[in-house]
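What follows is one structure encoded as structure tokens, with my remarks underneath.
The values are calculated or read from the model by the stated rules, or taken from the named source; none is laboratory data. Everything quoted here is computed from the prediction, not taken from an experiment. Here the Cβ positions follow ideal geometry from the backbone for every residue, glycine too, while neighbour counts run over all protein chains shown.
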Amino acid sequence: MDFFDALQTSATGLSAQRLRMNLISSNLANISTTRTPEGGPYKRKEAVFEAVPAHRSFKDALAMARTGQIAEVKVAGIVEDPVPFKQKYDPNHPDADERGYVMVPNINLMEEMVNMISATRSYEANVTAIKASKSMALKALEIGR
């Protein structure tokens, strides 16, 4: 793996974690949303990541396939959480049914905060890897002086 491959790997990781943070922020912002344009409460969203071998040529693809190296992160998609909505008793709410229950989003505040911390740590790890690659490249250039 050369300098640019290391940067590319970390850059795709940064991009993926940034998307994950945006989805978590959206989930937290809509934790009380009971009515959406699609109808019903807001549905929690989650990113699905996929490991993709990065290759620039057929030879590189064969070498990576033999060694099992993974070089990039790709967002395979954004999925809605299939967990059913929660029911909350609030007869004065405008979206309450005839029994006084309101369907609220299937978002767990603690789970979202843990996911946010995890995404932040992953983002920081990728930034550290980029800084280390940059530092190694600068040291290599200093050798030639």
*So Leu138 clears everything in (1) over 16 Å from Leu7 (Cα atoms); (2) loosely packed, with under 12 Cβ neighbours inside 10 Å; (3) modelled with pLDDT under 90 except one condition, right? Which one?*
(1)
*Keeping to the stretch 102-112, report how many residues are touching a residue at least 60 places away in the same chain (Cβ under 8 Å) and either assigned to a helix (DSSP H, G or I) or within 25 Å of Gly13 (Cβ to Cβ) (or both).*
2
*Say whether the condition of being farther than 20 Å from Pro84 by Cα and surrounded by fewer than 20 Cβ atoms within 10 Å (Cβ to Cβ) is met by at least one residue in the stretch 22-39.*
yes
_Residue pairs, Cβ under 6 Å, 6 or more apart or interchain, first in the stretch 3-22 and within 16 Å of Ser133 (Cβ to Cβ), second among the aliphatic types (A, V, I, L, M). List them._
Phe3/Ala137; Thr9/Ala71; Ser10/Ala129; Ser10/Ile130; Thr12/Val73; Gly13/Val73
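How many residues are touching a Leu at 6+ places or on another chain (Cβ under 7 Å) and either of a type in the set (Ser, Thr, Tyr) or in a loop (DSSP other than H, G, I, E, B) (or both) when one looks only at the stretch 1-48?
Looking only at that region, the number is 1.
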*asked:* Every residue in the stretch 72-101 that is in a strand (DSSP E or B), touching a residue at least 24 places away in the same chain (Cβ under 8 Å) and surrounded by 11 or more Cβ atoms within 10 Å (Cβ to Cβ), please.
replied: Glu72, Val73, Lys74, Val75, Ala76, Ile78, Val79, Glu80
*asked:* Going residue by residue through the stretch 106-116, is there one that turns out to be touching a strand residue (DSSP E or B) at 6+ places or on another chain (Cβ under 7 Å) and modelled with pLDDT of 85 or more?
replied: yes
